[in-house]
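Shown next, in structure tokens, is the structure this report addresses.
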Amino acid sequence: METKMTNKWERLELKAAESEAVRKSLTYWQDAWRRLKKNVLSMVGLGIIILLMLFAAFGNFFTEWSFSDQDLDMSNLPPTLDTFDIGDGTLVYVHKEYTLYLVEEDGAKLTKLPIEDKNVMKKYNGYTVDGKTVVIDYSLAAKAKQSGDADAPKFQLIIDDQSFTVPTGQVYNKVYVLGTDRLGRDMLARLIYGARISLLIAFIATAVQFFIGVLYGGISGYIGGTVDNIMMRIVDIIATVPLLLYVILLMVVIGPGLKTICIALGSVYWVNMARIVRGQILSIKEQEYVLAARTIGASTWRIMVRHLIPNALGPIIVSLAMMIPNAIFTEAFLSFIGLGVNAPMASWGTLANDAVPGLRSYAYQLMLPSILISLTVLAFNFLGDGLRDALDPRLRK
Amino acid sequence: MGRYVARRFVSMIITLWFVITITFFLMHSIPGGPFSREKALPEKVLEALNEKYHLNDPLWKQYTDYLQGVVVLDFGPSFSRPGIFVWDKIQEGFPISAKVGGIASLFVIIAGIPAGVISALYQNKLPDYIVTVIATVGVAVPSFVVATLFIYVFSEKLMLVPAYGLEEIKSYIGPTIALAGFSLSFVARLSRSSLLEVMQQDYIRTARAKGLSELSVIFKHAIKNSLIPVITYMGPTIASILTGSFVVERIFAIPGMGKLFVESVGNRDYTMIMGTTIFYAAFAIIMIFLVDIAYGIIDPRIKLGD
């Protein structure tokens, strides 16, 4: 009996005590980063964002073309070329406009062949390649359109009286890796340039929203009282107005362009930011450290910038991460209705807009910028969701 | 109740006035008049035009005249197309847009809410993953991409629906999907998270504890309350479906308000831009007002007297 009692109060061995060592204390930001790292989706989002930025910054190394180089002979070439072998391993590509290109060295060299016999009435184009006559007969196109079958052949290639309708092979376009647009500009170079413009607009517009929103919300929340009341009623009124209309209106008033988009987006969409900041400041300003700062004679400006805003940063960052995709979205939208950056500048939105008239034949021209827009928005959404969880002090462990 | 409605009504009127004023002064701050062309008009013609459209009046007079006009729905004549009045064009375009937009809004409600509910009830199971993935992608893909892809796949490749116009019932499918896509995904996400939150509340446990069947717990107690944030969102949704129509109507060649607005922006038709902007804004503001009132009626927790 006695021994049992003593056993009950046996001393812990040293090792057991050590295993309960105090966890290293983490600052708010270290903890947030630790939790963000655990969130797979937001890390994927962050990865995509970094890749996109690298793509915008260094993408140029992968293409020898500049965004404004145009060559009308090389317009609307797809990334993969359906080729016909006309004998002796000579490959030709029939363009959707029924012109003929010589494909050499597995797609590393493309030459547009001169038409020798053009007949618009009978609908054929005649060529001579390697001493052979090659005729593209596109009189089938009208019938194919009527048949209601999208796969019906639109042309036949007649090589020395032999007719072909099905391509014999496929090679990658190594001259223009992602193809060309309707003016013969390299899509990859345009997409890289578009990434720069789209991301630039997104970041600048968000920065403008940030400054206006934080200042407005900060002042409103810190001063409080009647000033706060009036300032917030103004925000309420602005918030009920469909803001896109005013972005469009501003674009009409100042004239489209890179600067205008940044100004228009930044000056209109700050309302949410102002509300969030005000809410944060209202609760923070009652805390002791603010009182302490005031007691030692810190100016209002100093209290705002050094004490209040840094402590409200969590929700601000979350809403910033959500505003960037919004800006990209809106910019694409504006470009799409013809209020975007001016040619030859390009953003993803203008690229998508340019692709619409030729969508029927050259779908890749729309797909590429659309995929990039969607991917960027998705990545920022993932990151924003993760940040919201990571920066929420209530979820801190 | 009456006081709440009255207060909201007054603030709606103030917002409308604000919209009209901002729009008016923004449009009048454009350098050069509405008739400045690349090739300058003869001075006499310009003067006659300015006289005809009262552009020589002092700005405040033009403003008060315009304000008076708007009250009786007179938005003045179009500047770029003589003989055409802004209000007539709006009356032509709006019913078409309203029809497409109405169908899209209905689609948002009847597809978005059930999707969110199913997703919440099967949390972390296959249906949830499917809904979440679709909704996440739906929020990220711009409406013009949805619209053009729809045309590309269903009219060009499969030839199932006409690519443009609204002659057949089938042709409503594309515009509806493109218009509703974003809001649908958003509503699905919103109703999912809202229902998940409600399901954890004490009164749900009480309902279960007193032996109600799971179905009646979900349908009678949980869903009703979880829909409140969704209803609040419906006002802005209608506004976003409206503004989404700028692009969708252009792509599907629907002769509605959106097309009118984009066209007038393209033509720099000042009065038309002003008229359509104010009309759009007014419509959205009135929708938000109505939703707010409905919200006040549905949710007894909101003190209407405040």
Reported set for segment A:221-259 where residues are away from every other protein chain (no Cβ under 13 Å), within 21 Å of the chain's Cα centre (by Cα) and either of a type in the set (Val, Ile, Thr) or surrounded by 15 or more Cβ atoms within 10 Å (Cβ to Cβ) (or both) is A:Gly257, A:Leu258
In the set A:Val290, A:Val252, the lone residue that is of a type in the set (A, V, I, L, M, F, W, C) and within 25 Å of B:Ile286 (Cβ to Cβ) is A:Val252
Across (1) crowded, with 23+ Cβ neighbours inside 10 Å; (2) part of a helix (DSSP H, G or I), A:Tyr176 clears everything bar (2)
- May I ask you to verify whether B:Val10 is farther than 20 Å from A:Leu245 by Cα, part of a helix (DSSP H, G or I) and modelled with pLDDT of 75 or more? yes
Of the residues in segment A:196-205 that are surrounded by fewer than 24 Cβ atoms within 10 Å (Cβ to Cβ) and not β-branched (Val, Ile, Thr), the one that is farthest from A:Gly340 (Cα to Cα) is A:Phe203
Report yes if B:Ala98 is at pLDDT 90 or above, within 16 Å of B:Ser245 (Cα to Cα) and in a helix (DSSP H, G or I), otherwise no. no
Reported set for segment A:34-43 where residues are surrounded by 13 or more Cβ atoms within 10 Å (Cβ to Cβ) and not charged (D, E, K, R) is A:Leu36, A:Asn39, A:Leu41, A:Ser42, A:Met43
Looking across segment B:265-287 at residues that are without any contact (Cβ under 8 Å) to a residue 60 or more places away in the chain and among the small types (Gly, Ala, Ser), the single one that is nearest to B:Phe150 (Cα to Cα) is B:Gly266
The correct count of residues that are surrounded by 14 or more Cβ atoms within 10 Å (Cβ to Cβ) and in a loop (DSSP other than H, G, I, E, B) in segment A:67-89 is 11
Residue set A:Val318, A:Val377; condition touching a residue at least 40 places away in the same chain (Cβ under 8 Å), closer than 20 Å to A:Leu41 by Cα and within 8 Å of another protein chain (Cβ to nearest Cβ); output residue A:Val377
Worksheet item: Do we find that B:Leu166 is farther than 29 Å from B:Ile231 by Cβ, hydrophobic (A, V, I, L, M, F, W, C) and more than 14 Å from chain A (Cβ to nearest Cβ) in this structure?
Response: yes
| message | Condition first: at negative phi, surrounded by fewer than 18 Cβ atoms within 10 Å (Cβ to Cβ), in contact (Cβ under 8 Å) with a residue 60 or more places away in the chain and not aromatic (Phe, Trp, Tyr). Can you find one or more residues in segment A:206-219 that meet it? | response | no
Could you tell me whether any residue of segment A:159-173 is outside any strand (DSSP E or B), in contact with a Leu (Cβ under 7 Å, 6 or more places away or on another chain) and within 24 Å of A:Val356 (Cβ to Cβ)?
yes
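Matching residues to (1) under 24 Å from A:Leu77 (Cβ atoms); (2) within 11 Å of chain B (Cβ to nearest Cβ); (3) at pLDDT below 85:
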residue	(1), (2), (3)
A:Ser299	no, no, no
A:Ile324	no, no, no
A:Phe333	no, yes, yes
A:Ala343	yes, no, yes
A:Asp354	yes, no, yes
A:Ala363	yes, yes, yes
For segment B:151-163 the number of residues that are aromatic (Phe, Trp, Tyr) and facing another protein chain (nearest Cβ under 9 Å) is 1
Quick check on segment A:373-393. Is at least one of its residues at pLDDT below 85, charged (D, E, K, R), farther than 30 Å from A:Lys145 by Cα and not in a helix (DSSP H, G or I)? yes
Those residues of segment B:138-150 which are more than 7 Å from chain A (Cβ to nearest Cβ) and in contact (Cβ under 8 Å) with a residue 40 or more places away in the chain amount to B:Gly138, B:Ser143, B:Ala147
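This table checks each residue for (1) more than 30 Å from B:Gly258 (Cβ to Cβ); (2) over 18 Å from the mean Cα position of the chain (by Cα).
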position: B:Leu149; (1), (2): no, yes
position: B:Leu184; (1), (2): no, no
position: B:Ser194; (1), (2): yes, yes
position: B:Gln200; (1), (2): yes, yes
position: B:Ile204; (1), (2): yes, yes
position: B:Arg208; (1), (2): yes, yes
position: B:Glu214; (1), (2): yes, yes
If we keep only residues of segment B:227-263 that are free of Cβ contacts under 8 Å to residues at least 40 places away in the same chain and buried (at least 24 other Cβ atoms within 10 Å of the Cβ), then the residue farthest from the other protein chains (Cβ to nearest Cβ) is B:Phe261
Scanning segment A:90-118 for residues that are under 34 Å from the mean Cα position of the chain (by Cα) and either loosely packed, with under 14 Cβ neighbours inside 10 Å or without any contact (Cβ under 8 Å) to a residue 12 or more places away in the chain (or both) gives A:Glu97, A:Asp106, A:Ala108, A:Lys109, A:Thr111
In segment A:251-287, anything farther than 16 Å from A:Ile238 by Cα and among the polar types (S, T, N, Q) is listed as A:Thr260, A:Gln280, A:Ser283, A:Gln287
Subset of segment B:167-205, residues modelled with pLDDT of 85 or more, closer than 17 Å to B:Ala104 by Cβ and not aliphatic (A, V, I, L, M), comes to B:Tyr172, B:Gly174, B:Pro175, B:Thr176, B:Gly181, B:Phe182, B:Ser183, B:Ser185, B:Phe186
Note on segment A:265-283: residues under 30 Å from A:Val341 (Cβ atoms), of a type in the set (Ser, Thr, Tyr) and surrounded by fewer than 23 Cβ atoms within 10 Å (Cβ to Cβ) are A:Ser267
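The values are calculated or read from the model by the stated rules, or taken from the named source; none is laboratory data. This structure is a prediction, so every number in the text was calculated from the model and none was measured. No Cβ is skipped: glycine too gets one built from the backbone with ideal geometry, and neighbour counts run over all protein chains shown.
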